[in-house]
Every structure is written in C-alpha cells, then in structure tokens.
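Take a look at the structure set out below.
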Amino acid sequence: MITTAVQEDLYPSRTSSQPEWIPRKDPVVHSEGRAPSTPLTSELVADFERDGFISIPSLFSEEEVDAYWTELKRLSSKREIRENGSTITEPESGDVRSIFNIDRVSEVYNRLARDPRLQNVVRYLLNDDVYIHQSRVNFKPGFRGKEFYWHSDFETWHVEDGMPRMRCISASIALTENNEFNGPLMLIPGSHKQFISCVGETPADNYKSSLKKQEVGVPDESSITRMADEYGIRAPKGPAGSVTFFECNTLHGSSGNISPYPRSNVFFVFNAVSNALVDPFCGRDPRPEHIANRTDFTPLKPL
Ligand code: 6CS
Ligand code: FE
C-alpha cells in the first residue's frame, strides 16, 4: 500500500472559533556565522532579525525605475494580461489594483527579480536558493487607491497555498515615492515572532474576493492592538527605487490613497527551494498558478 507522507501542519489557522498566538517555530535569519554581502550589512541583518523587515533607500536609480514604469505601461495595455485573470481591479472604481505573475510575462521584471541587489539579500537571509512564489505590482492609484487590511502573508500562503515553513521573504520595490500621504506599506516590527492563528473557514475560491479585499485569515482586532501596543507601527518612506524586504510573517497593511499621487510597488516573493509548496493546509483546491507558483521550483539564477 502506498502511503503519501502527510505534511504536519505546524501553523494551524482558520480551524477554531478562537484566535490563538503560536510562537514562531522557524529561524528568522537562516544564515549562521557567514558574513553578509552587499547591500546587506551586519546591522541590517540584526535589524531584520529584530523587526522582521529592513528598508534600503534608493537601491535602484530613478533611471532604472523609469524603465520599470515604461514596461508596466506596456504590460497594462496588453489585452491578454487584462483578460487572463492576472489583473485584479478595485471593487468600486474598476481601476487596476494589481497585476500578478509579472516575472513570467516580462523579461524586464524577470531580470529585476534576479538582480544581485535583491538576490544577495534574500539568499543570505534564507540561506538557500530561492524561486518566485508570487510576483505582482500593486498600483494604488491616486485619489481612489483602496487599502490592504492588516495581515500576515504567511497565514494565507500556508493555509491556501501549502507553504510549510516561515522561510520566505517579500521584496517591495517602490516605483513611486512612498510618503505619509499616499498609503505607504505599514509594518509592525517584531510581529513576525508570533503566528496569529485566525478564526473563520476558507471559502472555496476565496482568492476571487480576497485579492480585492481580504476578509478571511485576517487577525482579530485585539491581537492587532496588542501587537501595535507592544511594538508600534512603522511605515518606511523613501524615493522611487527604495526597497523594503519583509519576512513572510510580519504583520503589514496599508491605508487607502486619497492623495493625487499613486503609490505603486512591485513585489517579488522569494521562497526557499527547501520550503516548496505542499498541498494547501485548508484542504481546498490550490489557488491558480499566477497567484501561487507550484509548478516551477527551479532555483533562480542571479544575474
Ligand atoms: O493572497 C495573497 O497571496 C496576497 N494577499 C495579500 C493581502 N498580500 C499578499 C498577497 O499579495
Ligand atoms: Fe501582503
């Protein structure tokens, strides 16, 4: 009789009627004793361990960002991208909220993902080769850009995509200035040390609504309040080209944008190849490939 090993669920969520805090079972920085290479410094490594994120201003030049904007305009105008499911619109206005899967449809973004300025950071912190679990641009247009409510990405990626452990880092590259007026990414430093097990059950095809407005798998207000009371809230600001690297379990969110200025960021989610997806822990069908890559765990080759 063939028995398939059932992956133990170390971070159960959406399984009970009460929220629960589960202490993190995984290291934050997986490299031991090795010296980091640029752009990482030992101070930034220590900050990432403590806070669950680091921000590096102007890691990419304005000229490089201009090229990413030009590519983005080209992608946004392609009919097949607007119609193949990888483009998510805002519920009310119909504005484009996100485009997923950009590393696979654009050579420019595929090269950006493999740039040593990103690769050196995530391969050191994860101490492994990496592949892209998910890539997307969040547009957050001026005047009408909607919020992203507080959440841990890992909670969704674990429950709905089958990501076993916390060995995954998002790189958020600012394509526009991120300032206090246009809905910058907000993070709770230190929140990555506890996994907040959420209440509620995962509906079928949850992604069809959660990518527009996440309502399932979001932490309860008392947990968010306790975390904010304990650690505060930070919103890294900086010019276009700045990069925030944040750990998959760091609580984050962002407010709406009523300023005239867009807050557009590119996100690459780098997962350790040793942490490749298994069956979703919610027991539902896997989410579509353009949201969660489960077919190509080949290690990325840095440029
Ligand atoms: O479900 C997801 O994968 C997406 N949802 C949010 C709110 N952040 C991570 C990711 O883009
Ligand atoms: Fe997120």
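The values are calculated or read from the model by the stated rules, or taken from the named source; none is laboratory data. No experiment lies behind these values; they were computed from the predicted model shown. In this analysis, Cβ positions are derived from the backbone assuming ideal geometry, glycine residues included, and neighbour counts consider all displayed protein chains. These area figures cover heavy atoms from the full protein model, side chains too; ligands, DNA and RNA do not enter into them. Shrake-Rupley method; radii C 1.70, N 1.55, O 1.52, S 1.80 Å.
Considering region 7-25, and only residues there that are in a strand (DSSP E or B) and at pLDDT 95 or above, the residue that is farthest from Gly200 (Cα to Cα) turns out to be Pro23.
One residue alone among Val45, Val130, Val105, Val122 is β-branched (Val, Ile, Thr) and more than 30 Å from Gly33 (Cα to Cα), and that residue is Val105.
Results for (1) open to solvent by 30 Å² or more (accessible area, probe 1.4 Å); (2) in contact with a helix residue (DSSP H, G or I) (Cβ under 9 Å, 6 or more places away or on another chain); (3) in contact (Cβ under 8 Å) with a residue 12 or more places away in the chain, shown as yes or no for each residue.
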{"position": "Lys25", "(1), (2), (3)": "yes, no, yes"}
{"position": "Val29", "(1), (2), (3)": "no, yes, yes"}
{"position": "Pro36", "(1), (2), (3)": "yes, yes, yes"}
{"position": "Glu43", "(1), (2), (3)": "yes, no, no"}
{"position": "Ala46", "(1), (2), (3)": "yes, no, no"}
{"position": "Arg50", "(1), (2), (3)": "yes, no, yes"}
{"position": "Phe60", "(1), (2), (3)": "no, yes, yes"}
{"position": "Val65", "(1), (2), (3)": "no, no, yes"}
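Kindly indicate whether Asp279 is open to solvent by 10 Å² or more (accessible area, probe 1.4 Å) and at positive phi. So Asp279 fails the test.
Has region 40-50 got any residue that is over 30 Å from Asp285 (Cα atoms) and assigned to a strand (DSSP E or B)? So far as region 40-50 goes, no, none of its residues is over 30 Å from Asp285 (Cα atoms) and assigned to a strand (DSSP E or B). Filtering region 82-103 to residues that are surrounded by fewer than 17 Cβ atoms within 10 Å (Cβ to Cβ) and either at pLDDT 95 or above or of a type in the set (Val, Ile, Thr) (or both) leaves only Thr89.
Pro236 meets the conditions (1) open to solvent by 20 Å² or more (accessible area, probe 1.4 Å); (2) over 17 Å from the mean Cα position of the chain (by Cα); (3) in contact (Cβ under 8 Å) with a residue 40 or more places away in the chain; (4) within 16 Å of ligand 2 (Cβ to nearest atom) in every case but one. The failed one is (2).
Is there a residue in region 277-287 that is outside any strand (DSSP E or B) and either over 24 Å from Phe100 (Cβ atoms) or within 16 Å of ligand 2 (Cβ to nearest atom) (or both)? Taking every residue of region 277-287 in turn, at least one turns out to be outside any strand (DSSP E or B) and either over 24 Å from Phe100 (Cβ atoms) or within 16 Å of ligand 2 (Cβ to nearest atom) (or both). Counting the residues of region 208-233 that are away from ligand 1 (no atom under 14 Å from the Cβ), out of contact with any helix residue (DSSP H, G or I) (no Cβ under 7 Å at 6 or more places or on another chain), in contact (Cβ under 8 Å) with a residue 24 or more places away in the chain and not small (Gly, Ala, Ser) gives 4. The residue of region 142-171 that is surrounded by the most Cβ atoms within 10 Å (Cβ to Cβ), among those that are part of a strand (DSSP E or B) and within 14 Å of ligand 2 (Cβ to nearest atom), is Ile169. Candidates are the residues of region 130-141 that are assigned to a loop (DSSP other than H, G, I, E, B) and open to solvent by 10 Å² or more (accessible area, probe 1.4 Å); the one that is farthest from ligand 2 (Cβ to nearest atom) is Pro141. Residue pairs whose Cβ atoms lie under 8 Å apart, separated by 6 or more positions or on different chains, with the first residue in region 150-172 and of a type in the set (S, T, N, Q) and the second within 8 Å of ligand 1 (Cβ to nearest atom) and assigned to a helix (DSSP H, G or I), are Thr156/Ser210; Ser170/Asp153.
Being in a helix (DSSP H, G or I), within 16 Å of ligand 1 (Cβ to nearest atom) and more than 14 Å from the chain's Cα centre (by Cα) is the requirement here; does Arg82 meet it? When the stated conditions are applied, Arg82 does not pass them.
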